[in-house]
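Working notes, structure below.
Coordinate-derived values only; no laboratory data. Remember, it's a predicted structure, so these values are computed and weren't measured experimentally. Heads up, the Cβs are rebuilt from the backbone with ideal geometry, glycines too, and the neighbour counts pull from every protein chain shown.
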Amino acid sequence: MKTNTPTKSYDASDVSEGYALAYEQVADLSVMIDAMRNNHEKTAEYVKKVYNVPDTVFSDMKRLFAIVEGLVSDNLEFSKSQEDAYQKEYES
């Protein structure tokens, strides 16, 4: 049995707000990852000095942080561009 539920409609302002929220969430994630990277770098420096561990031991972790930072940056740019585009559409 089918019920007649009203179809929800969304306008450009709603979509713009969604991208703004996504931007904020990814920006928060970026701050957390940056804090983790800084903590890792401090710990790695200590371990290298105290235990004479070669820098190559930490190269994979450095690479992972670089990859994640690139993904976060791309996501921030995309979310911002979409927010701006839908906001412009709403204002038109």
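Figures for the structure shown
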| read-out | value |
| --- | --- |
| For Ser30, net neighbour charge (Lys/Arg +1, Asp/Glu -1) across residues whose Cβ lies under 11 Å away | -3 |
| Between the range 53-90 and the range 5-40, the Cα center-to-center distance that results, in Å | 13 |
| Degrees, to the nearest 10: 12-51 long Cα axis against longest axis of the chain | 10 |
| Options (1) 15, 28, 20, 17, 11, 6, 2, 0; (2) 14, 38, 32, 13, 2; (3) 18, 47, 23, 10, 1 - which one matches P(r) over Cα pairs in 10 Å bins from 0, in percent as calculated here | (1) |
| Between 0 and 90°, nearest 10: helix 59-91 axis offset from the chain longest Cα axis | 20 |
| Mean ellipticity per residue at 222 nm, deg cm²/dmol - from DSSP H runs of n ≥ 4 across the chain, formula -39500 (n - 2.57) | -29000 deg cm²/dmol |
| Nearest-20 debye value, the chain charge dipole, Cβ charges on Lys, Arg, Asp, Glu | 520 |
| Counted charge near Ser73, where neighbours are those whose Cβ lies closer than 12 Å (Asp, Glu -1; Lys, Arg +1) | -3 |
| Nonlocal amide H pairs with Val53, under 5 Å, H built at 1.01 Å | Lys48 |
